[in-house]
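**Student:** Take a look at the following structure, please.
Every number in this text was worked out from the coordinates using simple rules, so none of it is lab data. This one's a predicted model, so the numbers in the text were calculated from it and none came from an experiment. So basically every Cβ, Gly included, is an ideal-geometry build from the backbone, and we count neighbours across all protein chains shown.
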Amino acid sequence: MAWARLASRSRLCPAAADAVSRAPRASPSAPPPPPQAGHADPAAPPLRRILRVPQLHSAAAASSASHARLLGDRWQRLGGARRWLGSEASAAPAPVGEAAELVEVPLAQTGEGIAECELLRWFVNEGDQVDEFQPLCEVQSDKATIEITSRFKGTVHQIHFGPGDIVKVGETLLKMIVGDSQIVSPDNIFPSSDKSVGVESAVASNEGNAPSGTLSTPAVRHLAKQYGLNINEIVGTGKDGRILKEDVLNYAVSKGLCKKQSSSLEDSIGQVEFVEEGKSVPSVPFYEDKKILLRGYQRAMVKSMSLAAKVPHFHYLEEINCDSLVQLKARFQTENKDNTIKHTFLPFLIKSLSMALSKYPMLNSSFIEETNEVVLKGSHNIGIAMATTHGLVVPNVKKVQSLSILEITKELARLHEMASHNRLSAADIEGGTITLSNIGAIGGKFGSPLLNLPEVAIIALGRIQKLPRFDDDENVYPSSIINVTVGADHRVVDGATVARFCNEWKGLVEKPELLLLHMR
């Protein structure tokens, strides 16, 4: 009835009808008229046509019937336009089969000054489903071991590197299919330009990296890269044309890059007996040279020691009587109620070293060669050289001057546990101010350590051993002696300073009760 009265009024007053036509736009709460079936327009109109609607309407507002139809058609167009614009602005999921995108996951910057990392292991395989923040792989730089996690939810499409490969920052680690579709045909896979990981796409390289149509494992691609082969040229004999290790080797033989060895000869190596004049000769072992590429912490040691060789070193040797320290450590261990804590000599030596550094801060400094400046470090971050199966690494105990001996003991245990499992973080390794190399833990007596630049001092600790000594009355008695060697940068520190520092440290070790005078 209301719409009938409105139509009758519009016959009497065209201006009023035109005002009513504007009412839906001014008052969104008014219900729009039901659209006519003949005016349904499923396709979204261009924006310019929407802007011309008022002109078309003002020209056709002569009759109420045509105006009502135009009003419904206009609301339909505006609604369709809003739906079209919303689909363009938001990332609404597309239908299954159209939502899949091929996303490259590059190696991001893992730390300051890090240009490349060694790939240690993969946590996923090609074809695996991956969730957001799920670990993908583990890499090791010169400073720490890092887990790379996924920023997307999808399927692993292709892995580009294998364990042991060196990956430069920016190179693509793997490609993922991201989208709602679980099974995607190759025709629906499109490289994504808006889904980035914040790193410029690396320049594509054909060395060892298979194209999307080549099936092969990372180990096979790595083998092809070792021979300098383009894996796209190799014909695979595996399932679905997958390239196998034998395919790479056979192709290398055809190119003259290696010689084919018979399997029977390989199986019989070490088991063949040579007959000479009727006598059997024991099998001759098979010897060959083997090249080992230095990785991880070993690569870092190459760089740091090459720099240290350019610095003028000098070494100061001293021996310290540890009789009182041995007795104190034994009492601590006897009174120990915590089975998780094992008292050693090293925390006492570290704490007494920190006390001596407070009096001789020049030993706790770094040298800036470009400006000839010495930076006296405020914190005593004492590094401990640890020999692990992954190489030599030097984590440091932070702010030793503010820690108790018990706290140092716990921190050393944590660092040793992390180092043995290759789990040290960059924060554990960076920021050291002076280094201790405990060669006595292995059995050494003397050492001649090289500096861990930019530090200006390093100390090698020998093992504590029972040696005969003379007292003031020339009586021989057994004494627990440790040999220490202080290596210093002669551009910054002179021998007299190192001798005074060493005497200060020696006095605190030989009389550990003096530590109580400086404890806070």
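**Student:** Quick check on segment 331-421: take the gyration tensor over C-alpha atoms, sort the square-rooted eigenvalues as a ≥ b ≥ c, and tell me if it's rounded (a/c under 1.5), prolate or oblate. Show your work: numbers first, answer last.
**Tutor:** Values: a/c = 3.20, a/b = 1.53, b/c = 2.10.
Here segment 331-421 falls in the oblate category.
**Student:** Explain nothing, just the number: dipole magnitude of segment 385-499 about its Cα centre with +1 on each Lys and Arg Cβ and -1 on each Asp and Glu Cβ, in debye rounded to the nearest 20. Each step should come with its number before you reach the end.
**Tutor:** Numbers: 10 positive and 12 negative charges, 88 e Å.
In total the dipole reaches around 420 debye.
**Student:** Still on this model: Report the far tail of the P(r) of segment 107-164, meaning the percent of Cα-Cα pairs longer than 17 Å. List each step's numbers first, then the result.
**Tutor:** Numbers: 628 of 1653 pairs.
I get 38 percent for the Cα pairs in segment 107-164 exceeding 17 Å.
**Student:** Same structure again: Which number gives the lysine pairs in segment 359-495 that have C-alpha atoms under 27 Å apart and are eight or more places apart or on different chains?
**Tutor:** Lysine pair count for segment 359-495: 11.
**Student:** Each residue of segment 391-399 in turn: what ³J(HN,Hα) in whole Hz from Karplus with 6.51, -1.76, 1.60 and θ = phi - 60°, glycine and Pro shown as x?
**Tutor:** x, 7, 9, 10, x, 10, 8, 7, 6
**Student:** I've got another one for you. Please list, ordered by chain and number, the residues whose modelled amide H lies under 5 Å from the amide H of PHE314; skip anything fewer than 5 residues away on the same chain.
**Tutor:** The list, which skips near neighbours in sequence, is ALA488, HIS490.
**Student:** Ratio to report: Rg/Rh of segment 314-369, with Cα atoms as the point set and Rh obtained by the Kirkwood method; give two decimals.
**Tutor:** Details: Rg = 15.7 Å, Rh = 14.0 Å.
So for segment 314-369, dividing Rg by the Kirkwood Rh gives 1.12.
**Student:** For segment 354-488, report the translational diffusion coefficient in µm²/s to the nearest whole number, using Stokes-Einstein at 25 °C, 0.890 mPa s, and a Kirkwood Rh over Cα pairs. Present the calculation step by step, with values, prior to reporting the outcome.
**Tutor:** On the way: Rh = 16.4 Å.
Translational D for this selection: 150 µm²/s.
**Student:** To continue, here is another question. Please list, ordered by chain and number, the residues whose modelled amide H lies under 5 Å from the amide H of THR388; skip anything fewer than 5 residues away on the same chain.
**Tutor:** VAL393
**Student:** Cβ under 14 Å from PHE345's Cβ, PHE345 left aside: what net charge do those residues give with Lys, Arg +1 and Asp, Glu -1? Intermediate results must be reported in sequence, preceding the final value.
**Tutor:** Working: positive: LYS329, ARG331, LYS342, LYS351, ARG463; negative: ASP323, GLU510.
Within the 14 Å Cβ shell, the charges total +3.
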